[in-house]
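Right, one structure below, let's go through it.
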Amino acid sequence: MNEKLSRRELIAKGVAATAGLSGLAVAARLASRHGLIPPDGGGLYGAGATATYAAQRVLTRHSLAREFPRSMISKAPFANGKPPELEAFKKLQAGGFAEWRLEIDGMVGHPGSFSISDLKGLPSRSQITQVTCEEGWCYIAEWIGTPLSHVLEAAGILPQAKFVVYYSIDKHWWDSIDMADALHPQTLLAYGFDGGDLPVGFGGPLRMRVPRQLGYKSVKYITRLTVADNLRGFGKGLGSGAAEAGYSWYVGM
Ligand SMILES: Nc1nc2c(c(=O)[nH]1)N[C@H]1C(S)=C(S)[C@@H](COP(=O)(O)O)O[C@H]1N2
Ligand SMILES: [Mo]
């Protein structure tokens, strides 16, 4: 059986059972409309990942990641990896990141770019959340930034939008999230950390912060957002550099 059909059937059967509907086709349409089917990945995401995603989207779409009191901020947070070795990055850093740009394109009415100070001019949010690495370590920090939803709104996101793809300056790190996470109030384009500017070690000057998923979705050194209605044209179609390396696209916590 075709993998995509079996994935759709799996969710459709679940929806049909829950909603008391008869007819897989109707249920499959409903599952699609309510965002219960993860991106296809050319049939590479199997039944397990599909069921996990659907269950999370039914149960926790609006839930908040845990926020901690100030007293629990880690004294010695761990910055994983090194800043980009790129000349372009070093030049921007030497200029205090005044020339840093976040480009936004794809399914938006007004493609364009934002400087860090443009972003600081949008409404901001501060939250104390945990970064959890799949390798088994974590830290708690205060993150300050503009909710991604404000940037999407400013760029005039179109109604067909289903995913936001984001890239680090070195293009090697890139990932994507669905609209439930992109519009979620805790999903930030973060430029601040523990009361100051976001240090380079932690992804400064600008990082995606997705506290409802594992650390690797929080890509550092963000320079570009692309809004899309599917992920087929991006890389190998899995929607994420991490997924291309064998990790899950969806890693909700
Ligand atoms: N550009 C970029 N983003 C990245 C990474 C990276 O190496 N480069 N590592 C990821 C991983 S695996 C984790 S767990 C977190 C770690 O965040 P930290 O460096 O603030 O500890 O960043 C994620 N974002
Ligand atoms: Mo990680």
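Between the helical axis of 3-19 and the dominant principal axis of the chain, each derived from Cα atoms, what acute angle in degrees is found, rounded to the nearest 10? So the helix axis and the longest Cα principal axis differ by about 80 degrees. Going by a ≥ b ≥ c, the root eigenvalues of the Cα gyration tensor, does segment 104-253 fall in the rounded group (a/c under 1.5), the prolate group (a/b larger than b/c) or the oblate group? Because a/c hits 1.5 or more and a/b fails to exceed b/c, segment 104-253 counts as oblate. In the chain, the longest principal axis of the Cα atoms and the axis of helix 24-33 are about 10 degrees apart.
Residues whose amide H comes within less than 5 Å of that of Trp100, counting only those at least five positions distant or on another chain, are Ile116 (H built at 1.01 Å from N in the peptide plane).
Relative to the dominant Cα principal axis of the chain, helix 47-59 is inclined by about 80°.
In plain terms, the chain is cut at each of the chymotrypsin sites (Phe, Trp or Tyr not before Pro) found in a DSSP loop with at most 16 other Cβ atoms within 10 Å, and the longest leftover piece is 138-246. By other beta-carbon atoms within 10 Å, ranking His172, His34 with the fewest at the front produces His172, His34. Look at Ile169, Ile157 and count the other Cβ atoms within 10 Å of each Cβ; fewest to most, that gives Ile169, Ile157. Among Met208, Met253, Met72, the ranking by other beta carbons within 10 Å of each residue's beta carbon, starting with the fewest, stands as Met72, Met253, Met208. The 3J(HN,Hα) values that the Karplus relation (6.51, -1.76, 1.60; θ = phi - 60°) gives for segment 158-164 are, in residue order, 8, x, 6, 4, 10, 9, 10 Hz. Gly and Pro appear as x. Comparing Ser71, Ser218, Ser32 in a Gaussian network model of the chain, where Cα atoms under 10 Å apart are tied by springs, the biggest mean-square fluctuation is seen for Ser71.
Measuring between alpha carbons in the structure, the pairs from Lys90/Lys120; Lys82/Lys236; Lys162/Lys220; Lys90/Lys171 lying more than 24 angstrom apart are Lys82/Lys236. Computed from phi, the 3J(HN,Hα) profile of segment 118-134 under the Karplus parametrisation 6.51, -1.76, 1.60 (θ = phi - 60°) reads 4, 5, 5, x, 7, x, 10, 9, 10, 8, 10, 9, 9, 8, 10, 8, 5 Hz, with x in place of Gly and Pro.
A short reminder: the numbers here are calculations on the coordinates, not readings from a lab. It should be emphasised that the depicted structure is a prediction, and the values quoted were computed from it without experimental measurement. A quick note on method: Cβ atoms are made from the backbone with ideal geometry, for glycine too, and the neighbour counts reach across all protein chains shown.
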